[in-house]
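For reference, the structure discussed in these notes is given below.
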Amino acid sequence: MKPTKKKGDKLRFAALVRVSSKKQEKGTSLDSQKEKLAADVEALGGTVVKWYVGHESATPDKERKLLDGFLKDAAAGAFG
């Protein structure tokens with residue numbers, strides 16, 4: 001996560017949490033990751049302005065809609 005900050009504002013974060021298998025998606029992995037990231041952001045005095053959450057492969061040749069959306073939004077300045 002890369003923090004962005006406007007003068008006088010809290011740090012703003014976008015967070016991506018993902019699992020790579022359907023089995024993990026049905027478990028608690030996504031919730032655990034989200035809770036950990038939320039706690040880390042809070043410890044930094046920040047806020048998560050957008051969450052990207054889901055099942056997605058990390059294999060380079062696979063379609064990665066979550067990551068692509070995250071990167072597109074970041075390039076467009078959607079978090080700051």
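The values are calculated or read from the model by the stated rules, or taken from the named source; none is laboratory data. In this text the structure is predicted, and so the values were computed from the model without any measurement. A quick note on method: Cβ atoms are made from the backbone with ideal geometry, for glycine too, and the neighbour counts reach across all protein chains shown. Accessible surface is based on the protein model in full, side chains and every heavy atom, while ligands, DNA and RNA are left aside. Shrake-Rupley method; radii C 1.70, N 1.55, O 1.52, S 1.80 Å.
The residues listed here are Lys6, Lys36; of these, the one that is open to solvent by 90 Å² or more (accessible area, probe 1.4 Å) and modelled with pLDDT under 85 is Lys6.
Taking (1) open to solvent by 40 Å² or more (accessible area, probe 1.4 Å); (2) of a type outside the set (Lys, Arg); (3) at pLDDT 95 or above; (4) in contact with a Lys or Arg (Cβ under 9 Å, 6 or more places away or on another chain) in turn, Val48 satisfies each apart from (1). When restricted to residues that are open to solvent by less than 70 Å² (accessible area, probe 1.4 Å) and either out of contact with any helix residue (DSSP H, G or I) (no Cβ under 8 Å at 6 or more places or on another chain) or closer than 14 Å to Ala15 by Cα (or both), segment 56-80 contains 14.
Report yes if some residue within segment 21-28 is modelled with pLDDT of 90 or more and not in a loop (DSSP other than H, G, I, E, B); otherwise report no. Among the residues of segment 21-28, not one is modelled with pLDDT of 90 or more and not in a loop (DSSP other than H, G, I, E, B), which makes the answer no. Of the residues contained in segment 63-75, none is found to be at negative phi, modelled with pLDDT under 90 and in a strand (DSSP E or B).
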